[in-house]
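Here the structure is laid out as structure tokens; the discussion comes afterwards.
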Amino acid sequence: MNITQNIGIRICGTGSSVPTRTVTNDDMATIVETSDEWISTRTGISERHFADQETNLSLGTEAAEKAIAMAGIPREEIGVVICATITPDNIVPSQACLLQKSLGLTEQIFAFDICAACTGFLYAMHTARSLLCTMPEKKYALVVASELLSRVTNFADRNTCVLFGDGAGAAVITLDENSRYAFDCGADGNTEVLYCPKSYHNTNPFAASLPEQPEQQVKMEGRAVYSFAVQALSGSIRRVADQVGGYPEHYICHQANARILQAAAKQLKEPMEKFFLDIAKYGNTSAASIAIALDDCVRSGAVKRGESVMLSGFGGGLSYGTAYFTF
Ligand code: ACO
């Protein structure tokens, strides 16, 4: 038996950061045929932030600095840094390595990125916990999720461009033997309903013919993703509830569409009041969305110490996951 399997985590500090530029639904209506009424009633989104001068690193660094400040820990005790993102500044170095430098973290650190789209923060948090379990000399892990979805948004496609936003969130975590933990995750490889190709400038002089490069932009079958999301969310939450013997006091879920959370709440027969919503302010920020929502919950006092929480995500991959812990 693995004695570490139920060891909980303690969220020591959280932080978030969004670009200065706010873009309202009315602003979006100046570039595609849409309206504030359509966007807000179909999705719950009122505005989002798009990067101007900001980079993935600048947003991630600001969110992480706030999380470290709230945690009040010596930064040399951070032994793991993981960044969840699908919109990194570079292929190499990773965002996590750049964060090690920009935050002045120790060189004796495990630093890498995770690509799991909207489930990225959850996958990263679970991976960080697993690493802390196997490396007792590492006391704290910094989990950052930072996205500039404006880099991969087709601003001529009204079906998708009104949904996305840019931002970053971060959390400092440590192990807590007095806290319960449970996790569920899954993946179902699919390029049909949610797809963002990588475009390489191929200069291989030995290739007989070079394939045409696709546009590096998100393509989505909204209704199919919607159905997947409702099933994935309610199924994953139910499996974790079975593990811990009941539902939590709070749900902090990926903010893709308020209606997805309402439909999942209905399936679970759980009150909507337990589901935190901040999609109106940020839109869908992919991996960053749960991390930003967690920070909003903590700073607003919506979640208090000792209360039980489930974080739940779903999205590109397709991927999904849920984590249960006591805040
Ligand atoms: N403004 C006005 N009309 C629009 C817009 C818009 N921005 N976008 C679509 N429409 C139109 C459509 O063209 C369609 O018109 P038609 O009936 O004449 O063809 C009509 O509105 C209804 O379109 P639907 O797709 O049926 O709208 P729906 O109610 O399903 O909402 C939405 C669409 C919001 C995309 C929804 O399906 C959804 O939220 N899907 C899930 C998205 C998601 O969760 N993505 C997560 C992953 S993102 C990632 O991983 C980066």
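The values are calculated or read from the model by the stated rules, or taken from the named source; none is laboratory data. What you see is a predicted model, and the numbers here were worked out from it, not measured in a lab. All Cβ positions, glycine included, derive from the backbone under ideal geometry; neighbour counts span all protein chains shown. What goes into the accessible areas is simple: the full protein's heavy atoms, side chains included, and nothing from ligands, DNA or RNA. Shrake-Rupley method; radii C 1.70, N 1.55, O 1.52, S 1.80 Å.
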*asked:* To the nearest 20 Debye, how big is the dipole of the chain about its Cα centre, given +1 on the beta carbon of each Lys and Arg and -1 on that of each Asp and Glu?
replied: 720 debye
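What percentage of the solvent-accessible surface of the chain, computed with a 1.4 Å probe over protein heavy atoms, is contributed by carbon and sulfur atoms? Walk me through the intermediate numbers first.
Values: 7290 of 14430 Å².
Answer for the chain: carbon and sulfur cover 50 percent of the accessible area.
Between R238 and Q53, what length in nm is gained on full extension when 0.36 nm per residue of separation is reduced by their alpha carbon distance? Spell out each step's value before the answer.
Values: separation 185, 0.36 × 185 = 66.60 nm, distance 4.19 nm.
Extending this stretch completely gives an extra 62.4 nm.
Expressed in nm to one decimal, what extension gain is obtained for the pair Q108 and F155 from 0.36 nm per residue of sequence separation less their Cα-Cα distance? Intermediate results must be reported in sequence, preceding the final value.
Details: separation 47, 0.36 × 47 = 16.92 nm, distance 4.19 nm.
12.7 nm is the gain from fully extending Q108 to F155.
Which whole-number value in Å² is the accessible area per residue of the chain, probe 1.4 Å?
Values: 14430 Å² over 327 residues.
Solvent-accessible surface per residue comes out at 44 Å².
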*Among S17, S35, S209, which one moves the most in a GNM of the chain with springs linking Cα atoms closer than 10 Å?*
S209
_Value of Rg/Rh across segment 242-300 [Cα atoms, Kirkwood radius]_ = 0.97
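Over the Cα atoms of segment 130-215, what is the Rg over Rh ratio if Rh follows Kirkwood? Please report the intermediate quantities before stating the final value.
Numbers: Rg = 20.3 Å, Rh = 18.1 Å.
Reported Rg/Rh (Cα atoms, Kirkwood Rh): 1.12.
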_At R0 = 41 Å, FRET efficiency that the Cβ-Cβ distance of E221 and T22 yields, to 0.05_ = 0.90
*Under a point spin-label approximation (7 Å from Cα along Cα-to-Cβ), what is the M272-C115 distance to one decimal in nm?*
3.7 nm
_Relative to 2.2 N^0.38 Å, what does the C-alpha radius of gyration of segment 13-68 come to as a ratio? Two decimals please._
1.41
*Before anything else, pin down the relative contact order of the chain: Cα pairs under 8 Å, at least 6 apart, normalised by residue count, whole percent.*
26 percent
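Could you tell me the convex hull volume per residue, in Å³, taken over the Cα atoms of the chain? Numbers along the way, then the final one.
Details: hull volume 49.4 nm³, N = 327.
In the chain, the Cα convex hull volume per residue is 151 Å³.
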_Cβ-Cβ FRET estimate between L210 and N6, R0 fixed at 45 Å, reported to 0.05_ = 0.30
*What's the Cα-based Rg to Rh of segment 7-178, Rh via Kirkwood?*
1.04
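Sort 75-82, 249-256 by the packing proxy (mean of other Cβ within 10 Å over each peptide's residues), most packed first. Let's see the in-between values first.
Working: 75-82: 21.4, 249-256: 25.4.
Top to bottom by mean Cβ count within 10 Å: 249-256, 75-82.
Within the set K66/K138; K101/K304; K269/K304; K219/K266; K66/K139, which residue pairs have Cα atoms separated by over 25 Å?
Values: K66/K138 21 Å; K101/K304 33 Å; K269/K304 23 Å; K219/K266 28 Å; K66/K139 19 Å.
Violating the 25 Å Cα-Cα cut-off are K101/K304; K219/K266.
Treat every Asp and Glu Cβ in segment 7-178 as -1 and every Lys and Arg Cβ as +1, leave all other atoms uncharged, and give the resulting dipole magnitude about the Cα centre to the nearest 20 debye. Walk me through the numbers before you get to the answer.
Numbers: 12 positive and 21 negative charges, 92 e Å.
In total the dipole reaches around 440 debye.
How much of the DSSP beta bridge set in the chain is antiparallel, as a percent to the nearest 5? It would help to have the intermediate numbers written out before the result.
Numbers: 38 of 55 bridges.
Here the share of antiparallel DSSP bridges comes out near 70 percent.
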